[in-house]
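Q: After the structure tokens below, expect a handful of questions from me.
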Amino acid sequence: GLGGCGTDTYVLPRDFTPMHYDVRLDVDWNDDKPDDMQVAGSVSAYFASSDEENASPRKETRCLSIHAGANVKVSQASLVMVDGTVVRPQSRYNEELEQMKLLLDEPVDPKRVHHLAMDFSYPLAESMRGFYRSSYKDSSNQ
């Protein structure tokens with residue numbers, strides 16, 4: 001099992017509602033070896049706090065689910081609480097739903113989570129999904 005992450009639908013649970021994202025992508029560009037190109041990055045997803053008008057009532061949970069492609073490798077993930085406490089979840093990937101499940105040792109109140117911070121990497125591919133590699137030829141066939 002996924003330790004309290006028993007969702008069986010592509011639609012994410014509404015326990016955590018992101019309000020803002022900060023994303024950084026670094027591409028290891030290599031024209032000589034395009035199949036070896038990598039993307040490394042980080043994302044911080046900020047959530048509605050308990051005192052914001054649009055923060056809906058949510059129950060405590062031991063799981064946060066996010067969409068992620070199968071080729072994404074998460075090297076570090078942490079939840080930063082509104083009081084500054086940092087919680088480091090374990091991660092499990094559900095390939096069928098293309099979801100990363102972040103599992104917590106103790107239940108947390110989603111309204112007390114300030115943001116999720118993650119570092120990740122993946123191969124830059126031509127799959128036309130997410131941030132991908134592409135090429136084209138101009139009118140002079142270059």
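Q: Across the chain, how many lysine pairs separated by 8 or more positions, or lying on different chains, have Cα atoms within less than 23 Å?
A: Pairs that pass both the separation and distance tests number 6.
Q: Once amide H atoms are placed 1.01 Å from N in the peptide plane, what residues at a sequence separation of 5 or more from GLN38, or on another chain, have their amide H within under 5 Å of its amide H?
A: Correct list: ASP28, LEU124.
Q: Give the residue list of chymotrypsin sites (Phe, Trp or Tyr not before Pro) in region 69-142 that are DSSP loop and have at most 13 other beta-carbon atoms within 10 angstrom.
A: PHE131, TYR132, TYR136
Q: Something else about it: Which residues make up the longest stretch of the chain that has no GluC sites (Glu not before Pro) in a DSSP loop with at most 10 other Cβ atoms within 10 Å?
A: So the longest stretch without any such site is 1-52.
Q: Continuing with this model, one more query. Can you give the longest run of the chain that contains no trypsin sites (Lys or Arg not before Pro) sitting in a DSSP loop with at most 11 other Cβ atoms inside 10 Å?
A: Longest gap between qualifying sites, sites excluded: 60-128.
Q: Ignoring ligands, DNA and RNA, what percent of the accessible area of region 99-142 is carbon or sulfur (1.4 Å)?
A: C and S fraction of accessible area: 48 percent.
Q: Something else now. Under the rule of at least 5 residues apart or a separate chain, name every residue whose amide H is placed under 5 Å from the amide H of SER91.
A: LEU103
Q: To continue, here is another question. How many Å² of accessible area per residue for the chain, probe 1.4 Å?
A: 65 Å²
The values are calculated or read from the model by the stated rules, or taken from the named source; none is laboratory data. In this text, all values refer to a predicted model and were calculated from it rather than measured experimentally. Cβ sites come from the backbone with ideal geometry, for glycine too, and all protein chains shown count toward neighbours. These area figures cover heavy atoms from the full protein model, side chains too; ligands, DNA and RNA do not enter into them. Shrake-Rupley method; radii C 1.70, N 1.55, O 1.52, S 1.80 Å.
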